[in-house]
Amino acid sequence: MAVDVPAEEQFDTAGYDRFSLGTPTRRELERYFFLDDADKMLIAKRRGDHNRLGFGLQVATVRYLGTFLSDPLDVPTEAVDYVASQLEIPDASCVKAYLERKQTRFEHQWEIAREYRWRDFGDVEDELIRWVGDRAWTTGEGPRTLFDASVGWLRHRKVLLPAASTLGRVVGRVREEAEQRLWTTLAGMPTPSQASHLEALLKVPKGPRSSDLDRLGKGPVTASGKSMLAALDRVAEIAAFGLGNIDLGAVPRRRVVELARYGMAGKATLLRRHPWARKLATLVATVVHLQAKATDDALELLDVLMTTDLLAHAHRVSREERLHRYPQVSRDAGRLAAAVRVLLKASESGTAMSLEALWEAIEAVVSRADLRAAVDNITRVVPGPDEDPDAEWRGSLVQRATGWCGGSCLSSATPSSSAPGRGDAHPGGPARPPRTRGVPANHQGAGRPSRRGAGGGGRRAARLAQGRVPSGEAGGDGASRRLRVLRAGAVPPAPSAPRHLRPGLLPVGRPTGAAAGRGGLGGGQGPGAECPPAP
């Protein structure tokens, strides 16, 4: 197998085997060029100041660089003076005589390697290859990063560094083998049918100028119902590849993410030119990433729509209804407060009062009939201690989300003796039944039985009163059904037009009860016929 070995210029070899990064700092001098008693005892065996100083410089150099210099005297002047001062050599320039005998420096290098237990690169080459291979497979780091990490690994284990070109070839070959292993592993996961469908993503049709991979990589940009349906269709199209069941546990997650990022940023023309294994591996990682990303985009868009449209509208409607009821509630609350104030004053007076006397004191402030009416009105409006206080705006949310017009156009007030005529659904129409607090009343046409059977509206109201949002109406726009299918992990079905409409007519809205069915669009005559569909 031909291996593309990175050139030596790709690696940072500036400070590899020479002092080319500048003068060592004071801290580096104290760490690498300091000579302890054992060092001085070994150096003292040399004859002459020039041999002792040259030997000490090679000891410090191999500590600092991890290798010996071809010219042992190619050391910064500050380092030479620092070592000379420790050896009590007054004239550091005497070190120039260290190179008069060529064999001396090599003999000193062999002795230093033996005494300080420095090993040759050949002794640990296999161990380094395994370490670099594991790191390249796990992290996917580039050749320069792996080269620098290998230098640190060798220095930490007191291994004499080889030539930069030798270490560069080892790192490049091992990294290329790890990349080939990654591509081969991912390319062997899909079936032949899935592989052919994945390769089709890179084809650019004649009409549009972008491939299907580029199209699927673009998420929704606007918050609207049309964008929501497009986002769900995108999830269904990506899920149709069937890669959701592929187990990628054999490949490090980081490598899959990096390969998917490359596939998302790359152009189809560039990906088509890659070898088959690399191209298919990139497509597998990209589609798996896109499947999760498309689902997240759809859920985020749903969250935006729920927050900015549905929930905001429900809160606004609930707030408007509370403001509409405020005059009556404040009047009834004032009557009850006046009666309770009389009770508190009687209890604080300390004198025993009979029930008749207490009622006389209360009726002097507010009549018993007004108190009874106030209690009835407050009981209808204010939720009880065991009821959901948010049931009212939940009911408005259900109306808007499912297209159910079960009372969105009706007044929220309940019939009472103090507000005549407000208990009617429409002027001159039949009286509206009492509605559950915070839940729209279920409309039924005058003189026509409900198609849902007896008790259907009561069951719906009971579910809404408990805070349980219904799962969508049959024959609606299909958005709620698609969301439920998306949560279940299946492919959502395409929306179908209602059967009761003639071809060419678009579904505007479907009121429940008598408003549905007869008369087509606007033909209903019952109380629900005048109800507009929920937006």
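The values are calculated or read from the model by the stated rules, or taken from the named source; none is laboratory data. Because the structure is a prediction, the values reported are computed rather than measured. All Cβ positions, even for glycine, are placed from backbone atoms using ideal geometry, and neighbour counts span all protein chains on display. With ligands, DNA and RNA removed, areas are computed over all heavy atoms of the protein, side chains included. Shrake-Rupley method; radii C 1.70, N 1.55, O 1.52, S 1.80 Å.
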What nm value, rounded to one decimal, do you get for the distance between E199 and R157 when each label is placed 7 Å out toward the C-beta?
4.2 nm
Cut-off under 5 Å, modelled amide H: who pairs with R119 long-range:
V159, L160
Binning at 10 Å from 0, report for the stretch 109-217 what percent of all alpha-carbon pair distances ends up in each bin.
12, 30, 20, 17, 12, 6, 3, 0
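Would you mind getting me the FRET efficiency between E100 and D37? Use the beta-carbon distance for r and R0 = 35 Å, nearest 0.05.
Here the calculated transfer efficiency is 0.75.
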Residue by residue through the stretch 60-70, what is 3J(HN,Hα) from phi via Karplus (6.51 cos²θ - 1.76 cosθ + 1.60, θ = phi - 60°)? Round to whole Hz and write x for glycine and proline.
6, 5, 5, 5, 7, 9, x, 7, 8, 7, 5
Roll a 1.4 Å probe over the protein heavy atoms and report the accessible area of T61 in Å², nearest 10.
10 Å²
Grab the Cα-Cα distance for L355 and R253, subtract it from 0.36 nm times how many residues apart they are, and report the gain in nm with one decimal.
28.8 nm
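Near G54, within a Cβ-to-Cβ distance under 9 Å, what is the net charge of the other residues, with Lys and Arg +1 and Asp and Glu -1?
+3
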Using distinct alpha-carbon pairs, which all enter the 1/r mean, Kirkwood radius of the stretch 161-233 in Å
16.6 Å
Of the accessible area of the stretch 162-213, computed with a 1.4 Å probe and all protein chains kept, carbon and sulfur make up a percent value of 52 percent
What net charge do the residues around A149 carry, taking every other residue with its C-beta under 9 Å from that of A149, with Lys and Arg at +1 and Asp and Glu at -1?
-1
Return, ordered by residue number, the residues of the stretch 350-377 whose backbone nitrogen is under 14 Å from a label point located 7 Å along Cα→Cβ of R341.
362-367
So between E107 and H274, what do we pick up on full extension, going 0.36 nm a residue minus the alpha carbon distance?
54.9 nm
So how many Å³ per residue does the convex hull of the Cα atoms of the stretch 230-345 work out to?
206 Å³
Cross-link partners among lysines for K345, C-alpha distance below 21 Å, same-chain residues fewer than 8 apart left out?
none
Send over a whole-number figure in Å² for the accessible area per residue of the stretch 99-215, probe 1.4 Å.
55 Å²
In whole Å, largest first, the alpha carbons of the stretch 221-285 cover along the principal axes 41, 29, 20
Going through K206/K267; K206/K226; K96/K158 one by one, the pairs whose alpha carbons sit over 24 Å apart turn out to be K206/K226; K96/K158
